[in-house]
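To start, the structure under review is shown below, and the notes come after it.
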Amino acid sequence: MPGLLDLGAGEVIQFQRTASFIVPRILGFKIPRIFQLIMKIYPFAFIARGFFWVVQESLFLGIGYHHSFWNIFLAKFAHWHRTSTVKDSVLKEKLKPDERSRFGCKRVIISTGKKL
């Protein structure tokens, strides 16, 4: 959405039924050239993709349960990010996810880093 404003759109209106959790972009670094070269070699790329898949799937086990440590931690992290980034109290309240929803039940939105 912010890209549309950068392209010169005068106004962008986004409709949203319920608010989602918003987290900051953490992995905003460039992938080192040496790592890119190593990933071109077949076994290393296969092993690395398998490793990342296992890590991401194991995170679901921690997030998938409503009262798990990771679910509560990530929900509080998203709450902190929303309250520290959004200054307008009305917008802050509109962006607040439902109290009954758990982290990960809807698509998690990754922030662009712009202050609102």
PHE51, sole failed condition from (1) closer than 29 Å to ARG17 by Cβ; (2) modelled with pLDDT of 85 or more: (1)
Answer from SER68, SER58, SER101, SER111 - the residue that is among the polar types (S, T, N, Q) and either modelled with pLDDT of 80 or more or under 14 Å from the mean Cα position of the chain (by Cα) (or both): SER111
Some residue of segment 36-45 being outside any loop (DSSP other than H, G, I, E, B), modelled with pLDDT under 80 and more than 25 Å from ILE109 (Cα to Cα): yes
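Looking only at residues in segment 87-116 that are within 14 Å of ALA19 (Cα to Cα) and aliphatic (A, V, I, L, M), which one is surrounded by the fewest Cβ atoms within 10 Å (Cβ to Cβ)?
Narrowing segment 87-116 to residues within 14 Å of ALA19 (Cα to Cα): 90-111.
Keeping just the survivors that are aliphatic (A, V, I, L, M) gives 90-91, 95, 108-110.
Details: VAL90: 8, LEU91: 12, LEU95: 19, VAL108: 14, ILE109: 14, ILE110: 13.
Of everything passing the filter in segment 87-116, VAL90 is surrounded by the fewest Cβ atoms within 10 Å (Cβ to Cβ).
The values are calculated or read from the model by the stated rules, or taken from the named source; none is laboratory data. Please read all numbers here as calculations on a predicted model, not as lab measurements. Cβ sites come from the backbone with ideal geometry, for glycine too, and all protein chains shown count toward neighbours.
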